[in-house]
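What follows is a short report on a single structure.
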Amino acid sequence: MNYGIKAAKKGVDVFTADIKDKQTFNSGRYVEKIKEVFEVSENTTEVDFRHGLNYTPVLIDYRNLNSSGDTNDVGISASRIDNFEVILTNVGAVAGRGIIGYVLFQAGS
Amino acid sequence: MGDYGIKVAIEEKNALTSFNPRDFLIWSKYKDFKILKKGKGSLLIPNGSTSARKQIAHGMGYSPAYYFWVDMDNNGKYWMVGSNPGSTSGSTPHNTSEPESNKTNISFLGTRDGTSGNENMPFAYAIFDQRAVDTYGGSDTPIGYQKADYGIKAAIPGVNVLKAKIYELVINSNCELLNYHSTRTIGLNWNNSANGSSRITIVHGLNYVPMFLAWGNHGSAAGTPFDKDNLIPVGRSPQPFTASAWANTYEVGIEITWAGGGSASGTFNCRVVIFENDMLS
């Protein structure tokens, strides 16, 4: 595509920048955008949310591994998703631990 | 919905009347999931040790969303972090676990069977602008990130785009974006009447190692918890069933293992999302 809005990393020619690592913006490409951010902060094992898309999108979610202190170590979680809903799954839930899930969709697809 | 912001619709879609977010190339209502920093390195497991932890300092002041891919066997296959396919499957004597993010660094643990000799595990990582559970704070600027006073920017409502923190920008052309390439779906049959394993590969043909994520589910198979898509690797109760995934410059591989002694069987349905981003550049 030789039209649209493009940007590249500093010092890189935008007309020749490679999408795999040098382009930072291209209105002709599909990019992952955040459709929903789901979050639970209580001692909950499972909470379901409807994401409103009629297909199964990308879900990446994280959960806090510590219940106190300021280290806030956060692990990659194991929640579940289909074309209807997200179920945030706080495995081994402990009071105060939170979980956050990002549902991403492919803009322009 | 605000009647402000930046909108560019795909061909034959009306940016003024469409409410479908996928109709838009640009819609500043939705934040980009931005890559603030990505990189590669190598984890050394020294002679005499079964494991080592690799930490990457980010300097952002809050726990960011992140991801690791690890070349556990040092052969060009980058596994999703947490993969533990197990040596009994004939796959690998190595595994990774405990990926973590905190206010100062991201990290993962690499382990192996045995303790003899030095071993290296090359890895790649991505740090995103959004938080992972923790609240925002700190400098918001990752180590090595050069803020730019040029380019295309839009901020969330109520925030001055010129003063916005990185995570308050919905569009920031100073960041690499997570560019979607393709989605592939495939099924692997399993039957735990006896020990077994199965693997399958999907050609992506990009000639570099792309960032990717993979999910899997058992559908409605009796006795299994994976009724919806679970981010791979999976391997929790009822054990033992594991699923792991890797990518190299040519293909993506999915590997599953299971133990005998049961009567469940079925198809493990996998969904692989491949991004155009080169994880190693």
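None of the figures in this text is laboratory data; all of them are computed from the coordinates on show. What you see is a predicted model, and the numbers here were worked out from it, not measured in a lab. Reconstructed Cβ throughout: ideal geometry from the backbone, glycine too, with neighbour counts over all protein chains shown.
From the square roots a ≥ b ≥ c of the eigenvalues of the alpha-carbon gyration tensor of chain B, which class results: rounded (a/c under 1.5), prolate (a/b over b/c), or oblate? If you can, show how the numbers build up before the last one.
On the way: a/c = 2.25, a/b = 1.44, b/c = 1.56.
Oblate, because a/c is 1.5 or more while a/b does not exceed b/c.
To the nearest 0.05, how large is the calculated FRET efficiency for B:ASN74 and B:SER139 if R₀ is 30 Å and r is the Cβ-Cβ distance? Before the final figure, lay out the partial values.
Working: r = 35 Å, r/R0 = 1.16.
The formula returns an efficiency of 0.30 here.
Based on the Cα gyration tensor of the protein assembly as shown, what are the three equivalent ellipsoid semi-axes, each the root of five times an eigenvalue, rounded to whole Å and given largest first? Show your work: numbers first, answer last.
On the way: eigenvalues 221, 113, 94 Å².
Ellipsoid half-lengths, sorted descending, are 33, 24, 22 Å.
Per-residue Cβ counts within 10 Å, from other chains only, averaged over B:100-111: what number is that?
Numbers: counts 9, 8, 8, 5, 1, 1, 2, 1, 2, 0, 0, 0.
Averaged over the peptide's residues, the number is 3.
At 0.36 nm per residue, and after removing the present C-alpha to C-alpha distance, how many nm does the segment from B:ASN118 to B:LYS13 gain when stretched out fully? Provide the component values of the computation, followed by the final result.
Values: separation 105, 0.36 × 105 = 37.80 nm, distance 5.73 nm.
Between B:ASN118 and B:LYS13, full extension yields 32.1 nm more.
Let me know the charge dipole size of region B:92-150 about its Cα centre in debye, to the nearest 20, where only the beta-carbon of Lys, Arg (+1) and Asp, Glu (-1) is charged. Each step should come with its number before you reach the end.
Numbers: 4 positive and 8 negative charges, 11 e Å.
Magnitude of the dipole: close to 60 debye.
Check which residues have an amide H placed less than 5 Å from B:VAL252's amide H, if you skip close sequence neighbours.
So B:VAL252 has HN proximity to B:ILE202, B:VAL203, B:HIS204.
Indicate the gyration tensor shape class of region B:1-82 (rounded, prolate or oblate), computed on the Cα atoms with a ≥ b ≥ c the square roots of the eigenvalues: a/c under 1.5 is rounded; otherwise a/b larger than b/c is prolate and the rest oblate.
Details: a/c = 4.90, a/b = 2.68, b/c = 1.83.
It comes out prolate by the Cα gyration axes.
Please find the FRET efficiency linking A:ILE5 to B:SER51, where r is the Cβ-Cβ separation and R0 is fixed at 41 Å, and quote it to the nearest 0.05. Could you put the intermediate results ahead of the total?
Working: r = 47 Å, r/R0 = 1.14.
The pair A:ILE5/B:SER51 has a calculated efficiency of 0.30.
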